[in-house]
Amino acid sequence: MIKTPSESPPLHSVKVWDIVVRSFHWGLALGVLLNLFVFEEGESLHQYSGYIVCGLVIARILWGFVGTRYARFSQFFPTVDKVRQQMRSMGRGEHAVHVGHSPMGAVVMIAMGFAVLALAFTGFLMDTDQFFGSELLEEMHELIANGLMSLVFVHVLAALVLSKIERVNLVSAMVTGIKRFHEPVDGHK
């Protein structure tokens, strides 16, 4: 049976992602995709793009301390207990509502940030006199890039799957900054 708009439950909107978080997210996505699939390794555009995404990660780290409510690390830092709790509840088929980042989502986000910083560092070293042409460093850089691609795949897949399961369009929320829930969320009307 198809529900008419009058039969659909009302949506409860919560402003979650500010313009800094959204700009960081999409700027990082663009820079990483360009470096992985468009810009040639070792060329100037690849290097500049790498430094820009590194700068974005550093800016995001700073914003994690001084930014808006859901941007702050204090709101979503993934402790072992929080991650374990989320994994157990998901194993039981339960899906707790997370207005901001979920604990597992935060783990992936932090891992991607570290991967970008490691890529920038190894890329920078490869351009120095001491490490220019180092095969070991090039292999490390490539290994980290492959790890980042895997994390990006997990991130995108999780966003799509959880959007379906939790009935919250996470992609739209990262574009508009607003999450729309089918039920009221604690602390929000």
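Points to keep in mind about this one:
- The packing ranking, built from the mean of other Cβ atoms within 10 Å per residue, places the peptides 144-151, 133-140 in the order 144-151, 133-140, highest first.
- Scoring 73-79, 85-91 by mean Cβ neighbours within 10 Å over their residues and listing the highest first yields 73-79, 85-91.
- Hydrophobic long helices, here whole DSSP H runs in the chain with Kyte-Doolittle means of at least 1.6 and Cα atoms spread over 20 Å or more along the helix axis, are found at 103-126.
- A simple count of charges around Asn35, restricted to other residues whose Cβ falls under 13 Å of its Cβ and scoring Lys, Arg +1 and Asp, Glu -1, yields -4.
- Summed over the residues of the chain and divided among them, the accessible surface reaches 65 Å² per residue at a probe radius of 1.4 Å.
- For the peptides 110-122, 157-169, 26-38, the ranking by mean Cβ contacts within 10 Å, running from highest to lowest, is 110-122, 26-38, 157-169.
- Calculated FRET efficiency for the pair Leu157/Glu183, C-beta based, R₀ 25 Å, to 0.05: 0.50
- Counting protein heavy atoms only, the stretch 74-145 has 63 percent of its accessible area on carbon and sulfur, 1.4 angstrom probe.
- A cut-off under 14 angstrom between Cβ atoms defines the neighbours of Arg72, and their net charge, with Lys, Arg +1 and Asp, Glu -1, is +1.
- Phe181 long-range amide H proximity, modeled H, under 5 Å: His12, Ser13, Val14
- Charge tally in the Cβ shell below 11 Å around Met104, where Lys, Arg are +1 and Asp, Glu are -1, Met104 excluded: +2
The values are calculated or read from the model by the stated rules, or taken from the named source; none is laboratory data. This one's a predicted model, so the numbers in the text were calculated from it and none came from an experiment. A quick note on method: Cβ atoms are made from the backbone with ideal geometry, for glycine too, and the neighbour counts reach across all protein chains shown. To get the accessible areas, we keep the full protein, side chains included, count just its heavy atoms, and leave off ligands, DNA and RNA. Shrake-Rupley method; radii C 1.70, N 1.55, O 1.52, S 1.80 Å.
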